[in-house]
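The values are calculated or read from the model by the stated rules, or taken from the named source; none is laboratory data. Computed from a predicted structure; not experimentally measured. Here the Cβ is made from the backbone with ideal geometry for all residues, glycine too, and neighbour counts use every protein chain on show. Remember, those area values only see protein heavy atoms, side chains included, never the ligands or the DNA or RNA. Shrake-Rupley method; radii C 1.70, N 1.55, O 1.52, S 1.80 Å.
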Amino acid sequence: MKSSIPNELLEQPDFAVPAAVEADVDELITHYPQKRSASLMVLHALQEHFGWLSRQAVEWTAAKLELKPINIYELVTFYPMFRQKPVGKYHLRICRTLSCALGGAYELHEHLCKRLGLDSEAQGTQTTKDGQYSVEFVECLASCGTAPVMMCNDSFHEGVGQKRADEILVECK
């Protein structure tokens, strides 16, 4: 069957939602007056389990919420917190909006890429060959007064210079 998603997401042939995750999703849905309203939370639950959101995850979510796949695809492609491909064990996100850019975000990104053997000029998320680290620029992390800011997985770091970035990398090991 041809997918109704206009810009195909990556495939995940072995996609199967475990019963425990599906039970959690079913319980989440009960917290909303309409199933559609649970869309973001369901996507978060799937991403938390799988690490990213595939075409199959989008279609499963749409079926679960009685929506069309395009309704879920729009969310996955709009919100930067949703990953459309697997990322490394340590996901480094660097804010690049104005305050952070002026505070040294581009230098921070270049430094991290150099340390990890990645191309600082490449667009989009990059992952090291060993799959341990992914580096990407993101839009506003909502701490303009403490620029530059970055996240390592769910840990938030403010005022990150090159020395602090190196410390964060060491903490990851």
Worksheet item: Say R0 is 45 Å: what FRET efficiency, to the nearest 0.05, do residue 71 and residue 129 get from their beta-carbon distance?
Response: 0.80
Fill in: Nitroxide proxy distance, nm - points 7 Å out along Cα→Cβ at residue 85 and residue 158
3.4 nm
Practice prompt. For the chain, give the percent of accessible area contributed by carbon and sulfur heavy atoms, probe 1.4 Å, rounded to a whole number.
Written response: 52 percent
Worksheet item: For the stretch 27-173, with the dipole built from +1 on Lys and Arg beta-carbon atoms and -1 on Asp and Glu ones, taken about the Cα centre, which of 156, 73, 99 lies farthest toward the positive end?
Response: 73
Worksheet, complete the sentence: Close lysine pairs (the stretch 37-159; alpha-carbon distance under 23 Å; 8 or more apart or on separate chains) counted at 7
Worksheet item: Could you give the angle, 0 to 90 degrees to the nearest 10, between helix 162-172's Cα long axis and the longest principal axis of the Cα atoms of the chain?
Response: 50 degrees
Item to complete: Starting from the alpha-carbon convex hull of the stretch 26-142, give the projected area averaged over all orientations, in nm².
Response: 8.4 nm²
Worksheet, complete the sentence: With +1 on the Cβ of every Lys and Arg and -1 on the Cβ of every Asp and Glu, the dipole magnitude of the chain about its Cα centre, in debye rounded to the nearest 20, is 200 debye
Worksheet item: Sequence-distant or interchain residues sharing an amide H contact under 5 Å with residue 132, placed H: which?
Response: 89
Worksheet entry | Sorted peptide list for 93-106, 37-50, criterion being average Cβ within 10 angstrom, highest first | 93-106, 37-50
Discussion item. Using only DSSP helix segments of four residues or longer, with each worth -39500 (n - 2.57), what per-residue ellipticity at 222 nm results for the chain after dividing by its residue count and rounding to 500?
Written reply: -12500 deg cm²/dmol
Practice prompt. Find the accessible area per residue for the stretch 53-142; the probe is 1.4 Å, ligands and nucleic acids are left out, and the unit is Å².
Written response: 51 Å²
Discussion item. Students often forget the sequence filter, so: which aspartates and glutamates lie under 18 Å Cα-Cα from residue 163 once same-chain residues fewer than 8 apart are removed?
Written reply: 107, 110, 171
Discussion item. If I model a spin label at residue 122 and residue 12 as a point 7 Å from the Cα along the Cα→Cβ vector, what separation in nanometres do I get?
Written reply: 2.2 nm
